[in-house]
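What follows is one structure encoded as structure tokens, with my remarks underneath.
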Amino acid sequence: MREAYKVAVVGGGFAGLVTARELQREGHRVTVFEKANNVGGTWLYDSRVETDLLGLDPNREIVHSSLYRSLRVNLPRQIMGFSDYPFVAKEGGDSRHFPGHEEVLRFLEDFARDFGLMGVIRFGHEVVRVERVDDASYEWLVESRTRENESRGESKEEVFEAVVICNGKHTEPNIAEFSGRDTWPGLQMHSHNYRTPEQFENKIVVLIGNGSSANDILKEISPLAKEVHQAIRGPDSQLKRLENHDNAWQHSMIECARNDGKVVFQDGSIVDADVIIHCTGYKFHFPFLRSNGIITVDDNRVGPLYKHVFPPSLAPWLSFVALPYKAVPSIVMELQAKWVAKVLSGEVKLPTREEMAYWVEELYRQMEKTGRPKHRTHTLPQDKFEYESWLAAQSRIKPPERWKEIMFSSFIPKIKSYYGGEYRDAWDVDKWIQEVDSSN
């Protein structure tokens, strides 16, 4: 007979919704806590920005979403859906292979409605505390807060038998470190607080980073800005004018920022800048979780976690979904959600606490041995399919289609390099899929 538990899910975005569905399929009693008034998580666009544009003030009013108004997905919709619920184009929507963020939100809203999840989501409920009822118990006290207005709110405490944390990983900014950063007189912001390009008109902008957001923002602000200077790491970081831009240059990383407003790069060049935009990623952040030091976040390593999901000493009553990087997000979070739900129901057994702890220790030893930095703990190794296949085997289901990982890991980077900033519209995704299918 399956076990059925009262389970709290923190977050109503991509991960929280698929986790809630899998928990319900296993017969658990689910409550999803969502701070916003709609599903979507980071895909729920918010035109507001934080009062501290760098995100360093812990007391700032946090804006969850990092979306800018023009954002289009950087993965084709063919690999963004779930195994039994593909992200297909619908009449009246954005039919492009790489649609805008509004289309993703519609997909998540449809998913929540079609699987009857709206009734288990508590909108406008921010989780402010998750902790064990007592040291001898594996029950969890979840405190949530609703806000009537800026000054008034109401808190409520409830006890759950299990908690799954799905609060996302694109809210707490990671900021570049360089000498003079804190005293530089110009405007500094993290891409988390970028929405539209108008404020950069006629400005000299230094943009740190070379990821998707950095390149999207560079492309959007360069027609308005006076100059854009992109600081990047790696062997290709050298002073040069960027292709297809009359007013944009690439540099090595920032050496220092001076009190007179000048920014000095490691390549020796100097720019008298107005703005520095940090497109430098995010940190895992669980301010509500009180675990008496059992769970820590150290240089973006959340641990200890068996297979990036279960803390050995608290499993299966506490779990995390969607921590891994460098893998197809929807595939990994769906497989993790299925595993968590089946472990709780008793259909799938976990190893012993000691065996799980040993796996974590061995992972850390191997990382140290190979010189892999701690902040890459949740970046999956090159053969991501091995992790996904392992998760699928735990739930006794077929592994995901291999072409999706081939597309994500090998082909998309090549496409971006070949087509540059126009890859979303230049690449015939359906043709590529047909060619891969016909060759197998």
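Couple of notes before you dig in:
- Considering region 381-440, the qualifying helices (runs of 4 or more DSSP H), each wholly inside and each with 3 or more residues that are over 27 Å from residue 215 (Cβ atoms), open to solvent by less than 30 Å² (accessible area, probe 1.4 Å) and touching a residue at least 12 places away in the same chain (Cβ under 8 Å), run over 384-394.
- Selection count where residues are without any contact (Cβ under 8 Å) to a residue 60 or more places away in the chain, closer than 21 Å to residue 22 by Cα, open to solvent by less than 50 Å² (accessible area, probe 1.4 Å) and not acidic (Asp, Glu), scope region 94-115: 1
- Residue match in region 141-159 (condition: within 30 Å of residue 73 (Cα to Cα), among the acidic types (Asp, Glu) and either open to solvent by 10 Å² or more (accessible area, probe 1.4 Å) or in a strand (DSSP E or B) (or both)): no
- When each of 123, 111, 107 is tested for being under 24 Å from residue 10 (Cβ atoms) and out of contact with any strand residue (DSSP E or B) (no Cβ under 7 Å at 6 or more places or on another chain), the lone residue that passes is 107.
- Among the residues of region 327-347, those that are among the β-branched types (Val, Ile, Thr) and open to solvent by 10 Å² or more (accessible area, probe 1.4 Å) comprise 331, 343.
- All positions within region 261-286 that are in a loop (DSSP other than H, G, I, E, B) and free of Cβ contacts under 8 Å to residues at least 60 places away in the same chain: 266, 267, 268, 269
- Residue match in region 76-93 (condition: more than 30 Å from residue 403 (Cα to Cα), open to solvent by 30 Å² or more (accessible area, probe 1.4 Å) and either touching an Asp or Glu at 6+ places or on another chain (Cβ under 6 Å) or not acidic (Asp, Glu) (or both)): no
- Figure legend. Inter-residue proximity from region 192-216: first residues of a type in the set (D, E, K, R), second residues open to solvent by 30 Å² or more (accessible area, probe 1.4 Å) and part of a loop (DSSP other than H, G, I, E, B), beta-carbon distance below 8 Å, spacing 6+ or different chains. Indicated pairs: 195/47; 195/49; 195/69; 198/224; 201/224; 203/226; 203/274; 216/70.
- Taking residues in region 180-191 that are within 14 Å of residue 53 (Cβ to Cβ), and partners anywhere that are small (Gly, Ala, Ser) and assigned to a strand (DSSP E or B), the pairs with Cβ atoms closer than 7 Å and at least 6 places apart or on different chains are 181/257; 184/257.
- Region 131-157: number of residues that are of a type outside the set (Lys, Arg) and in contact with an Asp or Glu (Cβ under 8 Å, 6 or more places away or on another chain): 13
- Among the residues making up region 216-235, those that are under 24 Å from residue 264 (Cβ atoms), out of contact with any Lys or Arg (no Cβ under 8 Å at 6 or more places or on another chain) and either modelled with pLDDT under 95 or in a loop (DSSP other than H, G, I, E, B) (or both) are 222, 232, 233, 234, 235.
- Residue within region 170-191 that is part of a helix (DSSP H, G or I) and surrounded by 19 or more Cβ atoms within 10 Å (Cβ to Cβ) present: yes
- If you go through region 275-306 and keep only what is open to solvent by 60 Å² or more (accessible area, probe 1.4 Å) and at negative phi, you end up with 283, 285, 287, 290, 296, 297, 298.
- Residues within region 254-271 that are surrounded by fewer than 17 Cβ atoms within 10 Å (Cβ to Cβ) and within 31 Å of the chain's Cα centre (by Cα), tallied: 2
The values are calculated or read from the model by the stated rules, or taken from the named source; none is laboratory data. For clarity, every value in this text was computed on a predicted model and none was experimentally measured. When we count neighbours, we look across all protein chains shown, and the Cβ atoms used for this are built from the backbone with ideal geometry, even at glycine. With ligands, DNA and RNA removed, areas are computed over all heavy atoms of the protein, side chains included. Shrake-Rupley method; radii C 1.70, N 1.55, O 1.52, S 1.80 Å.
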